Structures are given as C-alpha cells and as structure tokens.
Amino acid sequence: MTTRTLALVLFSLFVGSHASATTLVPMTPKQVVSEAARIFVGTCVDTQPITVTGGMLATEYTFRVESVQKGEDLRASLEAGRRLYRFRQYGGLQDGRRSGIVGLPQYEVGQRYRLALRGESQLGLTSPVGFGQGVQSLGAGTLAPAKP
C-alpha cells in the first residue's frame, strides 16, 4: 500500500467517524421510571420556538395533563385544577435556523403521549429519559380548552 493510499484510507476513516450520532443504552421500563423526575399522560396543545441563554434554540411545549404517575409538583397542580404543563426542550426551528439532537423526540399538537421527563437543567430545559425510551405515543388526543 502506498503512502498516498494509506493517507486516503485514514482520512476516510476520520471523516466517516465525524458524523453526528447519538448512542443510547437500552433501558428497562423500571429504569426509565427510576430516572424520571416527572411522568404524565397528556395531549400536546401548543409548541412555541424560543431562544434560551446564549442564543440556543429550544421549543416550549404545552401539554394538557390527564394523569400523573410521578412528580409531586405536577400532581399538586393537577389536583388544584391546573391541567396545563409547560416544559422546554433543546432544539427547534426559528427564523430558518434549525437545531436539535438526533433521536430527541419532538411532539405534535393534537397527539397524546405518556412522557417520562428528566429534571430541568440550569437553563430550564428537560428531555425524556433515554430520549425516545421515555416517550410513548398514545394516538390522537382531544384539543378541548383547559384551565391554565
């Protein structure tokens, strides 16, 4: 093998390994529940692109919550009649700019989900445990108005 061929092979290996990827470790349902700060079933009723500290793009999701499996703060809000829950997740589309992480779910308005979310970061962002492992799509929900 010539020096030039060897250089091309090594270059292609490094270029190929530079591609963005997300590696996920499979989790059991018990592990997902254990690592989640909040688990609830609800319908996505709104999405809004936002910018957080440093110009990072995120999306603010609003869900109408039906039931809470974990998260005392969320359970107390639901019991007090406040059915809407907002959270922010990294990634989004704003002014033609798109950002995100491969494998990080996005939620569609009108769709019903069971979400197992991590606690909030210092930037006020969260994500589902194990990316898609903390999300179950439950089909179409209802978009009837709810109390804030």
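Counting only other residues whose beta carbon sits under 15 Å from that of Gly141, what net charge do I get with K and R as +1, D and E as -1?
Net of charged neighbours comes to +1.
Rounded to a whole number, what % of the accessible area of the range 23-122 do carbon and sulfur atoms account for, probe 1.4 Å?
48 percent
Using a basic spin-label model with each label point 7 Å from the Cα along Cα→Cβ, how many nm lie between Glu35 and Gln111?
Using points 7 Å along Cα→Cβ, the separation is 2.1 nm.
One quarter of the convex hull surface, Cα atoms only: what value does that give for the range 32-148 in nm²?
7.3 nm²
Taking the Cα-to-Cβ direction at Val102 and at Glu79 and moving 7 Å from each Cα, how far apart do the two end points lie in nm?
My value for the distance between the label points is 4.5 nm.
With label points built 7 Å along Cα→Cβ from the Cα atoms of Ala140 and Gln122, find their separation and express it in nm.
Those two pseudo-labels are separated by 4.5 nm.
For Lys70 and Thr53, calculate 0.36 nm times their separation in residues minus their Cα-Cα distance, and state this gained length in nm to one decimal.
3.3 nm
Whole number in Å², please: accessible area per residue of the range 28-128, 1.4 Å probe, ligands, DNA and RNA not counted.
Ligands and nucleic acids excluded, the figure is 52 Å² per residue.
The values are calculated or read from the model by the stated rules, or taken from the named source; none is laboratory data. Note that the coordinates shown come from a computational prediction; the quantities given were computed from them, not determined experimentally. Glycine also receives a Cβ, built like all others from the backbone with ideal geometry; neighbour counts cover every protein chain displayed. All accessible areas refer to the heavy atoms of the entire protein, side chains included, with ligands and DNA or RNA removed. Shrake-Rupley method; radii C 1.70, N 1.55, O 1.52, S 1.80 Å.
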